[in-house]
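Right, one structure below, let's go through it.
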Amino acid sequence: MTGWLITAALWAAVAVRLRQRATRQDQGLLLMFTGIAVGFTLARPEVAALVDAGEVTLSSLLKRCTAMIGAVGVALYMSGVAGRRGRVHIIATITVIICLIITYFAGADRWGETNVFFADQSRFTLNSGEVWAGWAHFLLWYLYVAFVVLALAATCASAAAQTSGVLRVQLVLFGAGAVWCALSPVYALAGLAGLTVYDLGFDQTFLLIPSVLLLIAGMAWQALHRGVTAAYAWWLYTRLGGLWRLLAGLEPGVVLEVGGPWRLRLHRRVVECHDVLRQLAAYLPEGTYESGRVDAGAAALQLREALTVRQTGAPGGGLVPGAPVEGGNDVQEAQWLIRLWRAWKRLGPVRVPA
C-alpha cells in the first residue's frame, strides 16, 4: 500500500509540473519526476508481472531507462539553476542508456533485478561473458546514478548559498533528497563488491522512498507557500473589511473594483484605506503628528478627531493618522490597519459624517 501511495504522489507531482514548463528548471523537474514516477510504477509487482508477460523480461531494463529520463531532467534542472548548458550531460545520459540496453541483452537479463545478481555467487566467476555483461550493467547503472544525484546535491547547495526565502528552502530540500538518494547506489555498490549483504527491501524502504519524499516536498514547497500566502492574504483582506467600508464610505472615488489573486485584492484594499486616511489628514492640526506612525489607539483618536473636524470643513493640514512605514509591505500595512480598526471599535459609537 505504501508503494502505491508514493507512486500516486509522484504522478500527482507530474500533473502539477505539467502546468509549469516555462523555464529550463521547470522542464527539468517535469522530466525528473516523470522518470521517477514511471520507475516506481514499473517497480510495482503487478505492473512488472504484466510487462514481463512476454518471452523477454523487460521491467528491470525499463525501470533503469526511465530513471535515465529522470537523469536528463536532473541535468536540465542543474543547467537552469547553474545558468549553463547541460548538453554534455544529456549526451552522456543517452550513451548510458544505450550501454545499459546492450549489456542487458548481452547477458545481464539473466539476473534482471539487482538483488538477484548480488545473491548469485557466480558473479565472481569472471570467465563468462554473461557475468561480465552483468558487472558492466550494474556498475554502470549505480555509478552513474551516484554521480547524477551527487551532482544535483552539489548544484543545489551552491545555489542555496546564494539565495534566500522560499527558493532557498526548495533547494535545500532538493539537495537533502539528492544526498539521501546517493546512499542507495553507495549501499548497492558495497553489496556488489561483497562488502555487505544487499537487501532490496531495505534499499527501497529506508533509502529510496525517503529521498523521493524529500524531492516531492521540495517540488511542492513553492506551491504550498503560495497557497499559505494566498490564504493569509484572504484572511487579512476579510479582517480589513470593517475599516475599509468605513473609509470607502467617506470617499467612494478611491475604490477600484479589482479581482484576481487575494494578494492583489489585499494590496488594493490597503491602498484605498491609506488613500482615504491621507485625505483625512487635511483635517488634523498642522504639525501635530509629525512622527507619522503612532500607537494604534492614538491613531484611532486622531481618526476620530479628523472625522469631527471634517464636519466643520476646516482643514488643518496635518499628517495621516498612522502613516505607512517606509518600505512597509502589504502584510505589514494590513496588520497595522487592522490594529487601527480594533482600536477604533474600542472608542465606542462614533457618528461618521457623510
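The values are calculated or read from the model by the stated rules, or taken from the named source; none is laboratory data. All values reported here derive from a predicted model rather than from experimental measurement. Heads up, the Cβs are rebuilt from the backbone with ideal geometry, glycines too, and the neighbour counts pull from every protein chain shown. The area values use the complete protein model at the heavy-atom level, side chains included, leaving out ligands, DNA and RNA. Shrake-Rupley method; radii C 1.70, N 1.55, O 1.52, S 1.80 Å.
With respect to the conditions (1) over 13 Å from Leu192 (Cβ atoms); (2) modelled with pLDDT under 90; (3) hydrophobic (A, V, I, L, M, F, W, C), Ala119 falls short on a single one, namely (1). Within region 136-159, the set of residues being β-branched (Val, Ile, Thr) and in contact with a Pro (Cβ under 7 Å, 6 or more places away or on another chain) comprises just one member, Val145. Listed by position, the helices (runs of 4 or more DSSP H) contained in region 1-74 that have at least 2 residues being more than 20 Å from the chain's Cα centre (by Cα), at negative phi and touching a residue at least 40 places away in the same chain (Cβ under 8 Å) are 2-17, 24-43. Does region 141-164 contain any residue that is closer than 27 Å to Arg265 by Cα and modelled with pLDDT under 90? Taking every residue of region 141-164 in turn, at least one turns out to be closer than 27 Å to Arg265 by Cα and modelled with pLDDT under 90. The C-beta contact set for region 234-262 (first residue touching a residue at least 12 places away in the same chain (Cβ under 8 Å) and open to solvent by less than 30 Å² (accessible area, probe 1.4 Å), second residue among the aromatic types (Phe, Trp, Tyr) and assigned to a helix (DSSP H, G or I), distance under 6 angstrom, 6+ apart or interchain) comprises Gly242/Trp341; Leu243/Trp341.
Annotation: Val131 fulfils all but one of (1) aliphatic (A, V, I, L, M); (2) open to solvent by less than 20 Å² (accessible area, probe 1.4 Å); (3) within 22 Å of Trp180 (Cβ to Cβ); the unmet one is (3).
Given the condition in a helix (DSSP H, G or I), within 20 Å of Leu42 (Cα to Cα) and without any contact (Cβ under 8 Å) to a residue 24 or more places away in the chain, answer yes or no: does some residue in region 147-170 qualify? Spell out the reasoning first.
Looking only at region 147-170, we keep the residues that are in a helix (DSSP H, G or I), and these are 147-160, 165-170.
Applying the additional criterion that residues be within 20 Å of Leu42 (Cα to Cα) yields none.
Taking every residue of region 147-170 in turn, none turns out to be in a helix (DSSP H, G or I), within 20 Å of Leu42 (Cα to Cα) and without any contact (Cβ under 8 Å) to a residue 24 or more places away in the chain.
For the residues Leu171, Leu224, the requirement of being open to solvent by less than 50 Å² (accessible area, probe 1.4 Å), closer than 21 Å to Gln20 by Cα and under 18 Å from the mean Cα position of the chain (by Cα) singles out Leu171. If only residues of region 318-354 that are modelled with pLDDT under 60 and on the phi > 0 side of the Ramachandran plot are counted, the one that is nearest to the chain's Cα centre (by Cα) is Gly327. Applying the condition of being modelled with pLDDT of 90 or more and among the aliphatic types (A, V, I, L, M) to region 185-213 and asking which residue is most open to solvent (accessible area, probe 1.4 Å) yields Val186.
Among all residues of region 82-94, there is none that is among the aliphatic types (A, V, I, L, M), under 23 Å from Ala190 (Cα atoms), open to solvent by 40 Å² or more (accessible area, probe 1.4 Å) and in a helix (DSSP H, G or I). Testing Thr155 on (1) under 17 Å from the mean Cα position of the chain (by Cα); (2) over 20 Å from Ala13 (Cα atoms); (3) open to solvent by 70 Å² or more (accessible area, probe 1.4 Å), one condition comes back false. Which one is that? Thr155 satisfies all of (1) under 17 Å from the mean Cα position of the chain (by Cα); (2) over 20 Å from Ala13 (Cα atoms); (3) open to solvent by 70 Å² or more (accessible area, probe 1.4 Å) except (3).
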